[in-house]
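Step one of this worksheet: look at the structure below.
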Amino acid sequence: QQQVKQSPQSLIVQKGGISIINCAYENTAFDYFPWYQQFPGKGPALLIAIRPDVSEKKEGRFTISFNKSAKQFSLHIMDSQPGDSATYFCAARKRHGANSKLTFGKGITLSVRP
Amino acid sequence: DTEVTQTPKHLVMGMTNKKSLKCEQHMGHRAMYWYKQKAKKPPELMFVYSYEKLSINESVPSRFSPECPNSSLLNLHLHALQPEDSALYLCASSPLVGSYNEQFFGPGTRLTVL
């Protein structure tokens with residue numbers, strides 16, 4: 001059972017365009033939603049994260065939109081650049097509990113064309 | 001110092017070899033993690049240490065043996081591995097387990113089992 005579903009599977013965007021990646025979750029106990037960016041041969045790096053008490057969070061060109069009732073959250077990359085080409089993972093985690101661990105989506109490969 | 005370091009970067013070993021992966025962080029974090037990542041897949045949690053004690057073992061085969069000698073160091077001892085164990089092994093750390101604690105990932109060790 002996949003608890004965090006990510007779409008699309010891959011995305012190609014022109015330089016300067018907006019990249020949009022969507023995630024849906026099933027477990028209503030999740031209350032921390034980070035996005036990770038991973039370049040080939042590197043470890044994932046936290047891009048931005050959101051808690052369910054806010055509907056949107058923006059950091060530079062990256063924005064997370066969160067819809068608690070729909071159990072969905074999305075990453076928007078404004079003015080996409082070739083350097084943004086990477087794999088993006090959404091994730092979710094329960095705040096409490098000894099077994100609070102990150103549940104990752106399958107990941108999406110973003111290619112930004114010059 | 002805000003990074004997690006891992007050594008070696010690459011490791012090739014035979015199925016009868018014994019080797020170890022090393023992870024180090026100097027951020028004062030009290031939670032450390034081992035993940036396994038196959039190509040084009042999300043990281044899979046293997047082990048979690050909290051205050052130098054093993055708190056989560058995700059039913060990992062005994063040929064993988066973790067060790068946390070102190071709060072800054074995490075090892076993964078490998079013995080009698082199989083070719084399907086070839087993957088990128090990621091170490092991560094966070095201030096504590098759960099809550100809104102951000103996980104910082106290292107660059108990983110690329111392991112090839114012949």
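Considering (1) touching a residue at least 60 places away in the same chain (Cβ under 8 Å); (2) more than 10 Å from the chain's Cα centre (by Cα); (3) within 11 Å of chain B (Cβ to nearest Cβ), the lone condition that residue A:40 does not fulfil carries the number (1). For residue A:57, only one of the following conditions fails: (1) in contact (Cβ under 8 Å) with a residue 24 or more places away in the chain; (2) in a strand (DSSP E or B); (3) open to solvent by 10 Å² or more (accessible area, probe 1.4 Å); (4) more than 11 Å from chain B (Cβ to nearest Cβ). What is its number? Status for residue A:57: all satisfied but (1). Looking only at residues of region B:103-114 that are within 16 Å of residue B:35 (Cβ to Cβ) and assigned to a strand (DSSP E or B), we find that the one that is nearest to the other protein chains (Cβ to nearest Cβ) is B:105.
Do we have residue A:55 as hydroxyl-bearing (Ser, Thr, Tyr), at pLDDT below 95 and out of contact with any strand residue (DSSP E or B) (no Cβ under 9 Å at 6 or more places or on another chain) here? Even if it seems obvious, please write down each step before you answer.
On the way: hydroxyl-bearing (Ser, Thr, Tyr): yes; at pLDDT below 95: yes; out of contact with any strand residue (DSSP E or B) (no Cβ under 9 Å at 6 or more places or on another chain): no.
Against the criterion (hydroxyl-bearing (Ser, Thr, Tyr), at pLDDT below 95 and out of contact with any strand residue (DSSP E or B) (no Cβ under 9 Å at 6 or more places or on another chain)), residue A:55 does not qualify.
Note on region B:57-102: residues that are more than 12 Å from residue B:35 (Cα to Cα), surrounded by fewer than 18 Cβ atoms within 10 Å (Cβ to Cβ) and among the aliphatic types (A, V, I, L, M) amount to 3. A Cβ distance below 7 Å, combined with a sequence gap of six or more or placement on separate chains, defines the contacts here; from region B:48-77, residues that are on the phi > 0 side of the Ramachandran plot reach residues that are charged (D, E, K, R) in the pairs B:51/B:30. Just to be sure before I move on: is residue A:87 assigned to a strand (DSSP E or B) and open to solvent by less than 20 Å² (accessible area, probe 1.4 Å) in the structure I sent? Here the answer is no, as residue A:87 does not meet what is asked. Residues in region A:30-46 that are open to solvent by less than 50 Å² (accessible area, probe 1.4 Å) and either assigned to a loop (DSSP other than H, G, I, E, B) or more than 19 Å from residue A:101 (Cβ to Cβ) (or both): A:37, A:43, A:44. Here residue B:33 does not qualify as within 13 Å of residue B:112 (Cα to Cα), surrounded by 14 or more Cβ atoms within 10 Å (Cβ to Cβ), of a type in the set (Ser, Thr, Tyr) and within 12 Å of the chain's Cα centre (by Cα).
The values are calculated or read from the model by the stated rules, or taken from the named source; none is laboratory data. Remember, predicted model here, so these are calculated numbers, not experimental data. Because the Cβ atoms are built from the backbone with ideal geometry, glycine has one as well, and the counts that use them run over all protein chains shown. Accessible surface areas use protein heavy atoms only, side chains included; no ligands, DNA or RNA. Shrake-Rupley method; radii C 1.70, N 1.55, O 1.52, S 1.80 Å.
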